[in-house]
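Enquirer: Here it is: the structure, laid out below.
A short reminder: the numbers here are calculations on the coordinates, not readings from a lab. Remember, it's a predicted structure, so these values are computed and weren't measured experimentally. Cβ sites come from the backbone with ideal geometry, for glycine too, and all protein chains shown count toward neighbours.
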Amino acid sequence: MKNKFSEIIIVIAVISTAIGASFEIYASKKNVLTPKSGYIYPIGGSPCSISIQCNDLGNVVCTVVYQSNMYQAFGKETPGETSCTVILFRPNL
């Protein structure tokens, strides 16, 4: 009887560990930086016309130097939108 009880406890422990590990893997994948298209407003240019790569996570605002000027990049709420208002970030390298 003790043998059966021990086997059941071991099976439950293994299943619990597997479930916990799967949640940990899923949670860690959510924190991966996802590339996002950022757009700049160049002087004398059209809004959202020049695309650069940024991320949706990070701790530094996404900027780029274009024609000797520094610009902050902004993203679109939806791909078909014509205005760029979403603040994008990049990791601090």
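Enquirer: From the phi angles alone, apply the Karplus equation (6.51, -1.76, 1.60; θ = phi - 60°) to region 64-80 and give each ³J(HN,Hα) in whole Hz, x where the residue is Gly or Pro.
Expert: Karplus values, whole Hz, x for Gly and Pro: 8, 9, 9, 6, 6, 10, 8, 10, 8, 8, 10, x, 9, 5, 10, x, x.
Enquirer: Using a 7 Å offset from the Cα along the Cα-to-Cβ direction at both THR63 and ILE43, what is the distance between the two label points in nm, to one decimal?
Expert: About 1.6 nm, to one decimal.
Enquirer: Same structure again: Under a crude label model (7 Å from the Cα following the beta-carbon direction), how far is ILE8 from THR78 in nanometres?
Expert: Here the answer is 5.5 nm between the modelled labels.
Enquirer: Name the long-range amide H neighbours of ALA73: under 5 Å, sequence gap of 5 or more, or other chain; modelled H, no Pro or chain starts.
Expert: Close amide H contacts, sequence-distant or interchain: CYS62, THR63, VAL64.
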